[in-house]
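The values are calculated or read from the model by the stated rules, or taken from the named source; none is laboratory data. Because the structure is predicted, anything quoted here is derived from the model rather than measured. Cβ placement follows ideal geometry from the backbone for every residue including glycine, while neighbour counts extend to all protein chains displayed.
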Amino acid sequence: MFATAFHTSRHYILLTVMACLCVLLGGPSCAAGADSLFIAGATYYEPGVSGPGWAWTEVDHLELTGYAGEAIGADGDLVVTLVGQNSVIETHAPDADISMSGMEVWGNLTLRGSGSLTATGSQCGIHVAQALVVDDCTVDARADGAGVVSQTVAGIAAGSLTVRGGGRVAASGAGSDTGLRFYGVRLLDEGFGAEAASETLVVDASWLDATGTDAGVACNRGSLVAAHFVTPAGGAFGVASVVDVSGAVAPHVEIEPDGATGPAGETESPVGEVPGDGVAGADVDPANRGAAAEQTTHPTVKPVAASPKTTVTKTTVTKTTRPKSTMATSPTLPKTGDSYWIAASLTLFLLGTVLLNAAYRC
């Protein structure tokens, strides 16, 4: 009788263990996305919130519809859909979990949609710890180095930058402080486990206009797909930046799609004004060689001109926010925490299987 009771109890225990394993194998509900979102001067930890011009609909998705306000920050991966004209500017609140950037993402960031985004900050217009992808939309990122001490200043600072789908990017880093380094686009590995894809620029049938006092584009490697250098003449990817035909670092880098036509001139206008929206004197993208309809969909502002220099010192953007430990290098890769859960679940599943087999043999 005791043996029978023990046998039955053992089966109850095994069934309980297997049930727990099923729950664990479902994994944590931490699909790749942002753990928190800082926007409009407040921090949010769950999606399903919104405000004037913005809506955090899912853990990995933020929609901006005519947003104009304080900086946006995300702790983790984020996809931002742009509708209409949007602008973000550096937050000066002392308790903000973001500083000196218009947009700051500690993970991967994808900007997409038919709209535009103007991002302004002292140290970075846009700072992304890992991969930044601009898909089809228009982005203007600017930094002037105001209040920055002994650090790199860049319109865009990211682990890698990909511009695709006819996207248009203008990035500028300009200033007069001799203690700073100014770049239009600065790509670097900030120690977040980035693989060989880090510090890489890819422009795929799209536009890029980058201006920096020290270098227009600083990167370790790059590739152009259905696109070519307009400036500098005979441009190429050097050891750590885009260089001209003589090998000197180019302070202005302009890339446009193959087959783009039209004059090289452009018309200046205030930041954020979109052609076709009823704004007088609207800007024409310096790389825009297409029809007026295309200009209406993808406006871009020309970066501020910068004085040339011929050397680049590889530095690291040092943020004043707390260090993060996100390890993914692509928007499709799981977070590090997910891999731990997967390994633990698999181990427990195998253990439960062994115990269940042993029970059946008894």
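What to note about this one:
- Residue within the stretch 18-35 that is modelled with pLDDT of 90 or more and buried (at least 24 other Cβ atoms within 10 Å of the Cβ) present: no
- Verdict on residue 111 being closer than 19 Å to residue 137 by Cα and not polar (S, T, N, Q): yes
- Taken together, the residues in the stretch 54-82 that are without any contact (Cβ under 8 Å) to a residue 24 or more places away in the chain, assigned to a strand (DSSP E or B) and under 16 Å from residue 119 (Cβ atoms) amount to 2.
- Matching residues in the stretch 201-238 - criterion: being in contact (Cβ under 8 Å) with a residue 24 or more places away in the chain, under 10 Å from residue 250 (Cα atoms) and of a type in the set (Val, Ile, Thr): 211, 213, 217
- Residue in the stretch 110-120 that is surrounded by 24 or more Cβ atoms within 10 Å (Cβ to Cβ), at pLDDT 95 or above, part of a loop (DSSP other than H, G, I, E, B) and touching a strand residue (DSSP E or B) at 6+ places or on another chain (Cβ under 7 Å) present: yes
- Among (1) free of Cβ contacts under 8 Å to residues at least 12 places away in the same chain; (2) not in a loop (DSSP other than H, G, I, E, B), the one test that residue 178 misses: (2)
- Per this entry, residue 197 is counted among residues that are over 19 Å from residue 102 (Cα atoms) and under 15 Å from the mean Cα position of the chain (by Cα).
- Count of residues meeting criterion [in a loop (DSSP other than H, G, I, E, B) and surrounded by fewer than 24 Cβ atoms within 10 Å (Cβ to Cβ)] in the stretch 146-175: 10
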